[in-house]
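Enquirer: One structure, as structure tokens, below. Some questions next.
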Amino acid sequence: MIKIEEILKERILVLDGAMGTMIQRHVLTEDDFRKGWFESHHKSLKGNNDLLSLTRPEIIEDIHRQYFEAGADIAETNTFSGTTIAQADYDLQDAVYDINFHSAKIAKKVADEFTALDPNKPRFVAGSIGPTNRTASISPDVNDPGFRGITFQELVDAYIQQVNALMDGGVDILLVETVFDTLNAKAALYAIAEVFEQRKIKIPIMVSGTITDQSGRTLTGQTTEAFLISVSHMPLLSIGLNCALGANMMRPYLQILDKESPFGVSAHPNAGLPNEFGQYDETAELMGEQIKTFLDESLVNIIGGCCGTTPEHIRVIADLAKQYKPRKIEILV
């Protein structure tokens, strides 16, 4: 199969859209999150979407298929909360390997089907590595600013387990995404480096941060440029932004990455900002108009969607991306 690094020189690649938004289209009950795996588990599991790769794999497979049919080149695994840290809320630390391994296998199966149909448009799988529900840089206790709810080594250990399982399942890329605390991301990158050393193999790495408001900073206070500098020690396929802001608000920060980053630049914004009910109202056409400004300015190499986006959004984005040349990249690992 053609290497993704080579394709990135020739065209803009399209990342898929939201997994959670698509899962919400199904009316799921507690039983759906237990089926065949966790039927006697002592805690409620409804809403733990990563488990569906085990209990309702046909739903996850269908979501991947819909995104590939819409024109996505890269599918993200259903593993955003696939660490022992995140799964500890459900007392499901022991399920982490299975979650990641089977999620990767499902996505890879569908990707291979689409690649076989059109070998000139190979499809890839990105192992989704979320930020966890802990932060290494900020105290969770306002009365004790020096306290930390997690250590760097605990993060590293959790990420090593996740990365190994994703690679065992056959992912093509590792995507450290929705970074709100760069120290967490650095733990993930350290873990990836450890796994690469142990396995004597490397695969491409994408890193995507989250700018939490119009101040242009992450939750822990870093500017976009500082975030880039903090992770640039690692040879990356791409650095980018996702979530939090809609496409129109993300543009100034992508301009910074375009100017400063030697790597590829990615963006997968939300479908606007959530309404008072937490829903995303931005249509595929409206989001497409905003994404077009990224393409007109040659800001990105990889483009997709985050919260609120669907195959309809990705189809519009993919149709647009075909019409443009990718941003030039200084370093292509």
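Enquirer: Can you tell me which lysines have their Cα less than 30 Å from the Cα of residue 259? Leave out same-chain residues fewer than eight positions away.
Expert: 3, 9, 121, 186, 202, 292, 322, 325, 328
Enquirer: Check each of the GluC sites (Glu not before Pro) in region 9-89 and keep only those in coil by DSSP with at most 15 other C-beta atoms within 10 angstrom; list them in order. Don't skip to the end; give the middle numbers.
Expert: Details: sites: 10, 30, 39, 58, 61, 69, 76; in loops: 39.
In loop regions of region 9-89 (DSSP not H, G, I, E or B), the sparsely surrounded GluC sites (Glu not before Pro) are 39.
Enquirer: In whole Hz and in residue order, list the ³J(HN,Hα) couplings for region 2-9 that follow from phi through the Karplus curve 6.51 cos²θ - 1.76 cosθ + 1.60, θ = phi - 60°; x for Gly and Pro.
Expert: 4, 5, 4, 4, 6, 5, 4, 6
Enquirer: Rounded to the nearest 500, what is the chain's calculated 222 nm mean residue ellipticity when only DSSP H runs of at least 4 contribute -39500 (n - 2.57) each, over all residues?
Expert: -12500 deg cm²/dmol
Enquirer: Each residue of region 263-271 in order: what ³J(HN,Hα) in whole Hz does its phi give by Karplus 6.51 cos²θ - 1.76 cosθ + 1.60, θ = phi - 60°, with x for Gly and Pro?
Expert: 3J(HN,Hα) across region 263-271, in whole Hz: 9, x, 10, 10, 8, 9, x, 6, 7.
Enquirer: What is the packing order of peptides 41-47, 89-95, taking the mean over residues of other C-beta atoms within 10 Å and listing the highest first? Could you put the intermediate results ahead of the total?
Expert: Values: 41-47: 12.4, 89-95: 15.7.
Per-residue mean Cβ counts within 10 Å order the peptides as 89-95, 41-47.
Enquirer: Once you keep just the Cα pairs under 8 angstrom separated by 6 or more residues, what percentage relative contact order results for region 4-321?
Expert: On the way: 637 pairs, mean separation 59.3, N = 318.
About 19 percent, as a whole number.
Enquirer: List the residues, sorted by chain then number, that are 5 or more residues from residue 209 or on another chain and whose placed amide H is less than 5 Å from its amide H.
Expert: Excluding prolines and chain starts, which carry no amide H, the hits are 179, 240, 241, 242.
Enquirer: Treat the count of other C-beta atoms within 10 Å as a stand-in for reagent exposure and order 1, 167, 287 from fewest to most.
Expert: Numbers: 1 11, 167 21, 287 26.
Lowest to highest Cβ neighbour count: 1, 167, 287.
Enquirer: Could I ask something else about it? Give a residue-ordered list of calculated ³J(HN,Hα) values for region 291-302 (Karplus: 6.51 cos²θ - 1.76 cosθ + 1.60, θ = phi - 60°; whole Hz; x for Gly, Pro).
Expert: So the Karplus estimates, Gly and Pro as x, are 4, 4, 5, 4, 6, 4, 9, 6, 8, 10, 10, 9 Hz.
Enquirer: Sequence-distant or interchain residues sharing an amide H contact under 5 Å with residue 125, placed H: which?
Expert: The answer is 75, 172, 173.
Enquirer: May I pose another question? Can you tell which of 125, 207, 142 shows the greatest fluctuation in a Gaussian network model of the chain with Cα springs below 10 Å?
Expert: Result for the chain, Cα springs under 10 Å: 142 fluctuates most.
Enquirer: Shape call for region 129-267 from the C-alpha gyration tensor, a ≥ b ≥ c root eigenvalues: rounded (a/c under 1.5), prolate (a/b greater than b/c) or oblate?
Expert: Values: a/c = 2.02, a/b = 1.11, b/c = 1.82.
Oblate.
Enquirer: Further, regarding this structure: Compute the signed sum of charges (Lys and Arg +1, Asp and Glu -1) over the other residues within less than 11 Å, Cβ to Cβ, of residue 272. Numbers along the way, then the final one.
Expert: Working: positive: none; negative: 281, 282.
Surrounding charge for residue 272 is -2.
Enquirer: Continuing with the same structure: Net charge near residue 76, counting Lys/Arg +1 and Asp/Glu -1 over other residues with Cβ under 11 Å of its Cβ?
Expert: Values: positive: none; negative: 16, 177.
Taking every Cβ under 11 Å from that of residue 76, the sum is -2.
Enquirer: Right, next: Under a Cβ-Cβ cut-off of 14 Å, what is the net charge of the residues other than residue 95 that fall near it, where Lys and Arg count +1 and Asp and Glu count -1? Let's see the in-between values first.
Expert: Numbers: positive: 34, 35, 43; negative: 39, 50, 89, 91, 94, 98.
Counting the neighbours of residue 95, the net charge comes to -3.
Enquirer: Follow-up. I'd like the distance separating the alpha-carbon centroids of region 193-243 and region 95-135, in whole Å.
Expert: Cα centroid to Cα centroid, the span is 19 Å.
Enquirer: If the reach is capped at under 25 angstrom between alpha carbons, list the lysines near residue 46, excluding any in the same chain fewer than eight residues apart.
Expert: 35, 105
The numbers here are math on the coordinates, done by the rules we state, and not lab data. Keep in mind the model is a prediction, meaning the values are calculated, not measured. For neighbour counting, all protein chains shown are included, and Cβ atoms are generated from backbone atoms with ideal geometry for every residue, glycine included.
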